[in-house]
Amino acid sequence: MALGHHIDAEKLINQSRDHPIHKHTGRRVDLHDIPYTSRYDVDIELPRFQLPEKGCDAKVAYQLLHDELLLDGNPNMNLASFVHTWVPDECQKLMEENLNKNLVDQDEYPAAQQIHERCISMISHLWHAPKDATAMGTATTGSSEAIMLGGLSLKRRWQEKMKKAGKDIHNPGPNIVMGAEAQVALEKFARYFEVDCRLVPVTKESNYVMSAKDAMKYVDENTIGVFVILGSTYTGWFESVSEMAAELDEYEKKTGNYVPIHVDAASGGFVAPFAYPDYVWDFKIPRVHSINASGHKYGMSSVGVGWIIWRSAEFLPKDLIFELHYLGETDYSFNLNFSRPAHPVLAQMFNFLNLGFGGYRRIMQNNLSKARLLSRALENSGYFTLLSNIHRPKPLDAQGAIPVISNAAAQLAKGHTPFNEEDAEYYYEGLPVVSFRFTDEIKSQYPTLKQAWVQEQLRAIGWIVPNYPLPPNCEDTEILRVVVRESLSGDLTRKLIIDILNVAEDLLQGAGPSSSMAKVSAKAKQVSGPGQKGTGLDTAHISAHTSTYAKPC
């Protein structure tokens, strides 16, 4: 075991310092406002885990934290995250101008509150809330809070229904059904608010998301609702809201039990309306009571803002709404958090106004196009198997002209040419996510090869590409995953393809897990003379990996 595992680093640092003679020399304190030349961190040690007795100059405080934060990864290269990492300069300026506004102070900041209400109205229309309904929703600090509010509404309505029927609400108590690939926030709701969490196992056959038919095995009269996930964080696949609703319709006919749906559209809520405008998943389905999404993901706002929208006011139980009388006038609150910043909401409205429907559609189509390029290159390399499906065309219709979609004639009427390969609607629906693993042949041929080494070597280059197991029931399979966002340009996508394939080839030629070991391995092969397979990949190599892909028969 390394000796460093037995060493107290902080104690060693303290023992290694110069003798503190300067504390007796009367050094001028005003020199300390120059971060580096003042030697501030040496002469006057700032405590790391308790409040300093005396503060330091603002320039020094900034520089100390600025330098430490340089050790973070580059957000733009963080392909593990769905969170948006870039906004235009004008949007950033708008946020900076409003950093000191608290959205809860509705009387003091009425303009910010009105913008918040307009966002709710716009999103309600985007998700096809009934035309005769009053837009009902709120901004949250992210999808986690929004999920809590959606789940609480389902629980309250179930309790009211059971009480009216004279039934016990405690024994056996409420339960909620969701796929095992659910993000942790969904499970948090169940645990925090004492609802039995019924996880539906996922399978390869179900594309690693919840099957509607399998979900019905877990539904009973104590089910407060079903969480349907519009965009798995593992593979980007959409769970089918329409299939889940159809199964629940049949269940209600047989049993009389009504079970609603909440759609967790954390990422898909701002992808599906623009990339797949005819895909049915939202309030068009009567059984959908509420929907949540993250504005700071594909809504392209800054961290952190989420949204929850209810079908209409009747689906938000009144006992979750609080009247506030101490902020200047009567206001209403139904958030878990009280104070929250206004600037992410303003950034959301900026994007709505700046991009409009057409701008969002262009960006989502572009994201999916880059994800398809990456998918095809990896799949056709022979090194990787793809678990995401957004690059695979849907089956063709009887004439072999266009994929089978719900309203092909309407698509043609819109001007779509038969089988337009640039249109996301002609491929399976999903998020711009590329989920992949080594092929079975590679794993069989190289039994000691660890897929996690790909993550480690890419991290040494600068890319953050996670490697992790699939959900329970499939956890023996590990995947690498890339989330394509607006800031991953076409040029960066090309560079990413080159780096992934170079790393794969290095590993297959005996390189170890670290970048330094890969370089040593490559150097050894150069010394050994000609005849060794090279590891360089050029533009022609990429072209060979991306120019063709399997077309349906």
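Observations on the structure shown:
- One equal scatterer on each Cα of the range 45-186, no solvent, Debye formula: the resulting log10 I(q)/I(0) at q = 0.09, 0.12, 0.15 Å⁻¹ is -0.58, -0.92, -1.17.
- C-alpha center-to-center spacing [the range 477-494, the range 233-280] in angstrom: 26 Å
- Accessible area per residue for the range 277-389, computed on protein heavy atoms with a 1.4 Å probe, is 35 Å².
- Filtered GluC sites (Glu not before Pro), the range 159-238: DSSP coil and at most 12 other beta carbons within 10 Å: GLU194, GLU205
- Anisotropy class of the range 149-270 from Cα gyration tensor, a/c 1.5 cut: prolate
- The stretch between ARG156 and LEU508, if pulled fully straight at 0.36 nm per residue, gains 121.1 nm over its current Cα-Cα span.
- Applying the criteria of a DSSP loop state and at most 12 other Cβ atoms within 10 Å to the trypsin sites (Lys or Arg not before Pro) of the range 145-208 yields LYS167, LYS204.
- Between VAL184 and ASP319, the contour length at 0.36 nm per residue exceeds the Cα-Cα span by 46.0 nm.
- The range 196-242: relative contact order in percent, alpha carbon pairs under 8 Å with at least 6 residues between: 31 percent
- Length-normalised contact order for the range 78-219 - Cα pairs under 8 Å, 6+ apart - percent: 14 percent
- Peptides 255-265, 350-360 ranked from most to least packed by the mean count of surrounding Cβ atoms within 10 Å: 255-265, 350-360.
- Relative to the current alpha-carbon distance between LYS164 and ALA452, full extension at 0.36 nm per residue lengthens the span by 98.3 nm.
- Estimated D of the range 243-303 in µm² per second, where Rh is the Kirkwood radius over Cα pairs and Stokes-Einstein applies at 10 °C, 1.306 mPa s: 124 µm²/s
- Whole-Å semi-axes of the ellipsoid equivalent to the range 95-351 (Cα gyration tensor, √5λ, descending): 30, 22, 16
- Given LYS155/LYS318; LYS163/LYS217; LYS163/LYS318; LYS213/LYS254, the pairs whose alpha carbons are separated by over 18 Å: LYS163/LYS217
- Expressed as a whole percent, the accessible surface of the range 95-351 that belongs to carbon and sulfur atoms is 50, based on a 1.4 Å probe.
- The antiparallel fraction among DSSP beta bridges confined to the range 95-351 stands at about 50%.
The values are calculated or read from the model by the stated rules, or taken from the named source; none is laboratory data. Keep in mind that this is a model prediction, so the values were computed, not measured. Cβ: placed from backbone, ideal geometry, glycine included. Neighbour counts: every protein chain shown. For the accessible areas, the whole protein counts, side chains as well, though only heavy atoms, and no ligand, DNA or RNA atoms are used. Shrake-Rupley method; radii C 1.70, N 1.55, O 1.52, S 1.80 Å.
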